[in-house]
Every structure is written in C-alpha cells, then in structure tokens.
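Q: One structure is given below, represented as structure tokens, and several questions about it will come after.
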Amino acid sequence: MRALFRSLLPALLLIALGAVLMAAGVTRGEQDIVFIKASNLCMECIGLG
Amino acid sequence: MDKKISLRQRIRLAVQLCVTALTNGYVQGFVSGRIFSGPSKAYCVPGLNCYSCPGALGACPLGSLQAVLSNRNYRFAAYVVGFLLIVGAFFGRFVCGWLCPFGLVQDLLYKIPFVKKCRALPGDRWLRWIKYGLLAGFVILLPLFAVDAVGQGSPWFCKWICPSGTLMGGWPLAVLNEGLRAALGFLFAWKSALLILLLLLSVVVCRPFCRYLCPLGAIYGLFNPIALYRFRFDSHKCTHCGACQRACKVDLSPCLSPNSRECIRCGACLDVCPTGALSSTLSRKESSPS
C-alpha cells in the first residue's frame, strides 16, 4: 500500500499544484484572456496573420 | 490475439471520434462560417483543437498558453500551465493517442494502403527533438519576448506552424466565409503547404506531426513516467520475443522503456505481449513495477 502511494505521489502533487495554479490564473483574470482569444476569430490560427 | 488488438483499437477509434465530435459539436458554425463564442470557450480541451474551428466548443491549450504569454499584462500563464499539469499528471500522452482530433486525422490517413510504409523518418532520433525546440521557441520565448511597441506579442506557433489550425480553422472558414477567402495571402499558402506535406507524410509514416513537431505532445510526454496512467513492465515475464517493438507504430521499444516520452499510449504493445509482461496501471493483471 505504501509502495503504491509512493508511486502515485508525484502525480498527486502535480495535480494539487495544477489546481492551485488554475485557481491563481482565474483570480488573475487569465481565463478572460483565454475566453476573448478563443471566442473571437484567431487570424494567426487560420493563416491571415 | 488479433481479435483483442482490433477490439482495443476499435474502442480507441470510437473514443477519438466521440471526443472530436463532442469538442467540435457546434454544427451551426459549419453552416454559417462563424465560430462559437459561448462561455465554454473559456475552458481548455486536452488535445490540439483549434479554437477557430467553426465547430469548436472549447479552447486549444497550446493556443491559450500563447495567448496569455503574449498578452502584455501577463508574464506567466498560471491557468493554462495548471490545466496542463493536471491533465498531464493524470494521463500523460494518453491524450495524444486517444483524445486529440489531429491525432485522429493522422491515424485515419495512416490506414490508407501505401506501397511502402516507413516505421520512422530518416534521422528520427534527432527529428524528435524539433518539438522541444518549437515548444521553447515558438510557444514560450517568442510570444513572451518578440513584442511590439505596446508590449503585445503574437502566438508564433499558431501563426507559422500549427497544421491543426489550418485544417480545422483555416480551410473550413476559407470555404465558408467569402470575406476571409478574399483576404488570404502568403501566410495561408505557407501553412497550407505545411499541412499538405504533413497529411501526405501521415500516409507513409505513423503520426509525423505528433512525433516530430507537436509541442503539446512534448509537454504531455514529460509526464509519461509519473502520470497516474502509465505502463508497467515485468522483466521476469518477458521472453524478449520483440512482439511489442514490432507492434509499436511510433517505433519504440516498450520493454526497454515502457514510459518513454515518445509513447502515445495507443496500447498496441499491451495487446501483443504474449506473457503479460507489459501492462498499464489500469490493467487488472498482476504485474510488479519495474
């Protein structure tokens, strides 16, 4: 059981860190940047520059 | 054994099709030539899925990463990096093999019969490093530091390389939207040429974009050794028959490196292993980690 937990620990720590970073990003307003970019036509993506 | 292989691969194909349909389910966009702009666009999807695809319901994580990094108000993209950490720690490159729409396109093209299929391009070992260069240069450094007078950068990978954007966004919109069609120029021609080259290569070599160019695969690959979903290898059960290596379409040796950064977790090696030496963390088989 301990060996299993030890093998999962790095992933679990990264998931926790990821959750903290996502929350921080939302607080900083980064999600709004993503929304604005994704909900408007991305000229670079479609090859218009 | 063949039946078992085809079952796993059939399930994988069904999952790929379902995910692609679900994340690109805005049918009206394909009729009107306009993209979806609802609230779900604030959330990233796991795979490479251009948010300018007329059907896209979510945001591409790679595009979102560049969008935040190139914004003059941000120097770090905590939201997207956090998302990539979570997805990577759960799945690693399982995303590439099972959940990526552009991976599906390449898989389907590889099914087309061809005179001589290649396991790898010449210089494969070195070509694999290109995606890390693109990640560092075109996804992180250039959007961060190549900025205009007001400090605004641009998404260099989306602009100059991304074939998913051309296939899922550029080409459909060029067909559907007359105004956009009239504005097409050199950049569109360059990206289209790159896409055509990759599509043609995909008939001959399995997943050339994923193996050599995809920065998102480069990111998820870093998680392969520690992700919750990973492969296990029991050296006591291995008979060194080489079946796993022959079954691997991206030319790896699963028994030597079951959690290679290059493995897209298609699972073909698990199916052909005659002794069960290879298994996954989700497998019910008893296998001690190696």
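Q: Which of the numbered conditions does B:PHE102 fail, given that it passes all the others? Conditions: (1) of a type in the set (Phe, Trp, Tyr); (2) in a helix (DSSP H, G or I); (3) without any contact (Cβ under 8 Å) to a residue 40 or more places away in the chain.
A: The one condition B:PHE102 does not meet is (3).
Q: Quickly run through region B:85-101 and pick out the residues that are touching a Phe, Trp or Tyr at 6+ places or on another chain (Cβ under 8 Å) and under 15 Å from A:ALA11 (Cβ atoms).
A: Those that are touching a Phe, Trp or Tyr at 6+ places or on another chain (Cβ under 8 Å) and under 15 Å from A:ALA11 (Cβ atoms): B:VAL87, B:GLY88, B:ALA89, B:PHE90, B:PHE91, B:GLY92, B:ARG93, B:PHE94, B:VAL95.
Q: How many residues does region B:36-53 contain that are buried (at least 24 other Cβ atoms within 10 Å of the Cβ) and more than 20 Å from A:GLY18 (Cα to Cα)?
A: 5
Q: When residues of region B:36-50 are filtered for being facing another protein chain (nearest Cβ under 8 Å) and in contact (Cβ under 8 Å) with a residue 40 or more places away in the chain, how many remain?
A: Summing the residues that are facing another protein chain (nearest Cβ under 8 Å) and in contact (Cβ under 8 Å) with a residue 40 or more places away in the chain in region B:36-50 gives 1.
Q: Against the condition closer than 20 Å to A:CYS42 by Cβ, over 17 Å from the mean Cα position of the chain (by Cα), outside any helix (DSSP H, G or I) and more than 14 Å from chain A (Cβ to nearest Cβ), how does B:VAL147 come out, does it pass?
A: yes
Q: Return yes or no: is B:LYS116 buried (at least 17 other Cβ atoms within 10 Å of the Cβ) and among the basic types (Lys, Arg)?
A: No, not satisfied.
Q: Name the single residue that is farthest from the other protein chains (Cβ to nearest Cβ) among those in region B:202-241 being in contact with a Cys (Cβ under 9 Å, 6 or more places away or on another chain) and assigned to a helix (DSSP H, G or I).
A: Across region B:202-241, the extreme among qualifying residues is B:VAL204.
Q: From the set of residues in region B:58-73 that are in a loop (DSSP other than H, G, I, E, B) and facing another protein chain (nearest Cβ under 10 Å), which is nearest to B:GLY29 (Cα to Cα)?
A: B:GLY58
Q: Here's something else I'd like to know. Looking only at region B:150-169, how many residues end up being facing chain A (nearest Cβ under 10 Å) and without any contact (Cβ under 8 Å) to a residue 60 or more places away in the chain?
A: Residues meeting the conditions: 3.
Q: While we're on this one: Restricting to region A:10-26, name every residue that is over 13 Å from the mean Cα position of the chain (by Cα) and either more than 7 Å from chain B (Cβ to nearest Cβ) or touching a residue at least 40 places away in the same chain (Cβ under 8 Å) (or both).
A: Within region A:10-26, A:LEU12, A:LEU13 qualify.
Q: Could I ask something else about it? Within region B:176-183, identify whether any single residue is without any contact (Cβ under 8 Å) to a residue 60 or more places away in the chain, more than 9 Å from every other protein chain (Cβ to nearest Cβ) and not in a helix (DSSP H, G or I), and answer yes or no.
A: Within region B:176-183 (the criterion being without any contact (Cβ under 8 Å) to a residue 60 or more places away in the chain, more than 9 Å from every other protein chain (Cβ to nearest Cβ) and not in a helix (DSSP H, G or I)), the answer is no, since none of the residues qualifies.
Q: Please note which helices (runs of 4 or more DSSP H) are completely contained in chain A and include at least 3 residues that are more than 30 Å from B:TRP190 (Cα to Cα) and touching a helix residue (DSSP H, G or I) at 6+ places or on another chain (Cβ under 6 Å).
A: It comes to A:2-27.
Every number in this text was worked out from the coordinates using simple rules, so none of it is lab data. Remember, predicted model here, so these are calculated numbers, not experimental data. Methodologically, a virtual Cβ is constructed for each residue, glycine included, from the backbone with ideal geometry; neighbour enumeration extends over all protein chains shown.
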